[in-house]
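Trainee: Can you keep this structure in mind? I'll have questions shortly.
The values are calculated or read from the model by the stated rules, or taken from the named source; none is laboratory data. Please read these numbers as outputs of a predicted model, since none were measured by experiment. Here the Cβ is made from the backbone with ideal geometry for all residues, glycine too, and neighbour counts use every protein chain on show. These area figures cover heavy atoms from the full protein model, side chains too; ligands, DNA and RNA do not enter into them. Shrake-Rupley method; radii C 1.70, N 1.55, O 1.52, S 1.80 Å.
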Amino acid sequence: LFVVARALEETRAVELMLRPLLGRPSGHVTALLRLCFPVAVVSAFLNNTPIVAMLLPVSETWAARSNLSVKVLLMPLSFASMLGGMCTLIGTSTNLVLNSQIEADADAPLPPLSMFSMTLVAFPAAAVGLLYLSLASPLAFRATSQAGGP
């Protein structure tokens, strides 16, 4: 997946696909909402690390083009991928390890997990987490525009 991620980065295919979705946000909060929700959805079905690796250069270019502070976008990008990954069995390796331990234990207190076993609890938690990231990150990282600050 890393090789595919690098190829997509070199061809700028990811940026071309995301440009209409990301658009021209009016501020950091809307920028984070536009970035984090799609990342979480994709992360529920693909490995988190390559997704973040593919989106780092896209986020940096988008921040510069939209006059946003890149420091406000990058940490929530990573957290959004983790929040999305916890929603399905294949979203993160931790869920897969847990499921293999459950399957290996003859006296396991619960049956093996299905693809969406944790979604009922994880999806609302991820949605709240994404909203919190979108609201708190500009405050925590002291959002400034590219032209007017560090």
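Trainee: Check Glu15 against each of (1) touching a Pro at 6+ places or on another chain (Cβ under 9 Å); (2) within 16 Å of Phe141 (Cα to Cα); (3) open to solvent by less than 80 Å² (accessible area, probe 1.4 Å); (4) not hydrophobic (A, V, I, L, M, F, W, C) and name the one condition it does not meet.
Mentor: Status for Glu15: all satisfied but (2).
Trainee: Here's something else I'd like to know. Do we find that Asn95 is open to solvent by less than 20 Å² (accessible area, probe 1.4 Å) and modelled with pLDDT of 90 or more in this structure?
Mentor: The answer is no for Asn95.
Trainee: Restricting the first residue to the stretch 44-63 and requiring it to be closer than 22 Å to Thr94 by Cα, which pairs with a second residue that is modelled with pLDDT under 90 and not in a helix (DSSP H, G or I) meet a Cβ separation below 6 Å and a spacing of at least six or different chains?
Mentor: The qualifying pairs are Asn47/Leu1; Pro50/Leu1.
Trainee: Out of the residues in the stretch 54-65 that are small (Gly, Ala, Ser) and touching a helix residue (DSSP H, G or I) at 6+ places or on another chain (Cβ under 7 Å), state the one that is nearest to Leu16 (Cα to Cα).
Mentor: In the first step, residues of the stretch 54-65 are kept if they are small (Gly, Ala, Ser); the result is 59, 63-64.
Then keep just the ones that are touching a helix residue (DSSP H, G or I) at 6+ places or on another chain (Cβ under 7 Å); that gives 59, 63.
Working: Ser59: 12, Ala63: 15 Å.
So the residue we want is Ser59.
Trainee: Quick check on Leu56: is it part of a helix (DSSP H, G or I), hydrophobic (A, V, I, L, M, F, W, C) and either over 19 Å from Gly84 (Cα atoms) or more than 16 Å from the chain's Cα centre (by Cα) (or both)?
Mentor: no
Trainee: Can you tell me which residues in the stretch 31-43 are over 22 Å from Asn95 (Cβ atoms) and without any contact (Cβ under 8 Å) to a residue 24 or more places away in the chain?
Mentor: Arg34
Trainee: Name the residue that is farthest from Glu60 (Cα to Cα), counting only residues in the stretch 101-147 that are surrounded by 12 or more Cβ atoms within 10 Å (Cβ to Cβ) and either hydroxyl-bearing (Ser, Thr, Tyr) or touching a Lys or Arg at 6+ places or on another chain (Cβ under 6 Å) (or both).
Mentor: Ser117
Trainee: Here's another thing I want to ask about it. Answer yes or no as to whether Leu68 is of a type in the set (A, V, I, L, M), under 19 Å from Leu18 (Cα atoms), open to solvent by less than 20 Å² (accessible area, probe 1.4 Å) and not in a loop (DSSP other than H, G, I, E, B).
Mentor: On the way: of a type in the set (A, V, I, L, M): yes; under 19 Å from Leu18 (Cα atoms): yes; open to solvent by less than 20 Å² (accessible area, probe 1.4 Å): yes; not in a loop (DSSP other than H, G, I, E, B): no.
No; evaluated as a whole, the condition is false for this residue.
Trainee: Testing Phe79 on (1) more than 15 Å from the chain's Cα centre (by Cα); (2) assigned to a helix (DSSP H, G or I), one condition comes back false. Which one is that?
Mentor: (1) is the only condition that Phe79 fails.
Trainee: Please go through the stretch 13-36 and give me each residue that is in a loop (DSSP other than H, G, I, E, B) and either at pLDDT below 80 or in contact with a helix residue (DSSP H, G or I) (Cβ under 6 Å, 6 or more places away or on another chain) (or both), ordered by number.
Mentor: Pro25
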